[in-house]
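A short write-up of the structure that comes next.
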Amino acid sequence: MDLRINDGSIAFAPKHNRPGKGDAREFQSQAKQWCKFFNLDPDERLVIFDNSKSKAHMRDTVLEALERLPLSGLDPVVTAFFCHGYKRGLQPGFDLGHVDRLAKAISYRGGKNVIVPLYACDTARDLDRDRADDLEEFGGDGGFADELRDALCRAGSVFAKVDAHTTAGHTTRNWNLRRFKGDGSSVGGKGGFYIVPIVRDEKSEKHVIWLKWREQMKTDFRWMFPLMTTTEIHHYLAAL
């Protein structure tokens, strides 16, 4: 399995901890581990946005960094966010009104096959639902991750893939993950699907896969899975 990524791939994390918290420190730590796994220089590929500044300032930091990215021609180009998230937005100042700007910047450098892991809480939530754990096949419709996928498709990244969390939890070890795929569409789609569905029936083989998925989020697999198809992920877990 080829898990190389374009050396123009990039990660973003916030600069300052919230009062009494160590959140920014943890976001940066996880982003540096991601860089190390993919042999990227964090001094060049980890961009720290100043979350003490305005939303407009943070957005500009992200967009300008994306515009400066060099590309080697190797697919895929990965744009990873390690930060707080919400069902309507992302910590560096992007909400549902700014997804097109973000998508155009990602797509311009990344082409048709961009991968965008949102290591950020709640960005795969349904916009019009309070529950985050619904088991609908096409959930998360209208939320930030869903709208970002749609915007990437409109921008030309028709095979874009956005992976995002449906709940609050650790930035990279949260196993509640939906995938939103472009599937060649120029307009996007309706919601996403759980990469590994929640199965609580202990007699089911799917429950075993679910437990393995949860355990693997503690390993380097949490950097790997965004580059894998759902079939590859399930086969990988079944073979453990």
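Less than 11 Å Cβ to Cβ from residue 53, Lys/Arg counted +1 and Asp/Glu -1: what total charge do the surrounding residues give?
Values: positive: 15, 55, 59; negative: 50, 60.
Surrounding charge for residue 53 is +1.
Roughly what % antiparallel, to the nearest 5, for the DSSP beta bridges in the chain? Display every interim value, and only then the final one.
Working: 12 of 26 bridges.
Given both bridge residues lie in the chain, the antiparallel proportion sits at roughly 45 percent.
Once you put a point 7 Å from the Cα of residue 220 and another 7 Å from the Cα of residue 1, both along the Cβ direction, what distance in nm separates them?
With each label placed 7 Å out from Cα toward Cβ, I get 1.3 nm.
For a protection proxy built on the mean count of beta-carbon atoms within 10 angstrom, sort 117-127, 101-111 highest first, please.
Numbers: 117-127: 25.4, 101-111: 21.5.
The packing order, highest mean first, is 117-127, 101-111.
With label points built 7 Å along Cα→Cβ from the Cα atoms of residue 170 and residue 202, find their separation and express it in nm.
Each label point lies 7 Å from its Cα, and together they span 2.4 nm.
For the chain, what is the charge dipole size about the Cα centre, in debye to the nearest 20, if Lys and Arg each add +1 at the Cβ and Asp and Glu each add -1 at the Cβ?
Numbers: 36 positive and 34 negative charges, 79 e Å.
Its charge dipole is roughly 380 debye.
Taking Cα atoms, how many degrees apart are the long axis of helix 99-110 and the longest axis of the chain, rounded to 10 and kept between 0 and 90?
So the inclination is approximately 90 degrees.
For residue 84, what residues show an amide H to amide H distance below 5 Å, using hydrogens built from the backbone and excluding near sequence neighbours?
91
Taking the Cα centre of the chain as the origin and placing charges on Cβ (Lys, Arg +1; Asp, Glu -1), which of 76, 238, 13 is farthest toward the positive end of the dipole?
Checked the options; the winner is 13.
Can you work out the base-10 log of I(q)/I(0) for the range 182-227 at q = 0.21, 0.22 1/Å, using the Debye formula on its C-alpha atoms alone?
Computed log10 I(q)/I(0) values: -0.81, -0.84.
Can you run phi through the Karplus equation (6.51, -1.76, 1.60; θ = phi - 60°) for the range 75-83 and list ³J(HN,Hα) in whole Hz, with x for Gly and Pro?
Using θ = phi - 60°, the values come out as 8, x, 8, 10, 10, 10, 10, 10, 6 Hz.
Once you have the Kirkwood Rh of the chain from its Cα pairs, apply Stokes-Einstein at 4 °C and 1.567 mPa s and quote D in µm²/s.
Working: Rh = 17.7 Å.
Diffusion coefficient, whole number: 73 µm²/s.
List, in order, the whole-Hz ³J(HN,Hα) value for each residue of the range 141-158 obtained from phi through the Karplus relation with A = 6.51, B = -1.76, C = 1.60 and θ = phi - 60°; use x for Gly and Pro.
Calculated HN-Hα couplings, in order: 5, x, x, 4, 4, 4, 5, 5, 4, 4, 5, 5, 4, 5, 7, x, 8, 6 Hz.
Give me the tail of P(r) for the range 122-240 as a percent: Cα-Cα pairs with distance above 18 Å.
Numbers: 3556 of 7021 pairs.
That tail contains 51 percent of the Cα-Cα pairs.
As I understand it, the value is the acute angle between the Cα axis of helix 23-37 and the longest principal axis of the Cα atoms of the chain; what does it come to in degrees, rounded to 10?
Once rounded, one gets 80 degrees.
Throughout, read-outs are computed from the coordinates displayed, never taken from laboratory work. Note that this is a predicted model, so its numbers are computed, not measured. We place every Cβ from the backbone using ideal geometry, glycine too, and count neighbours over all the protein chains shown.
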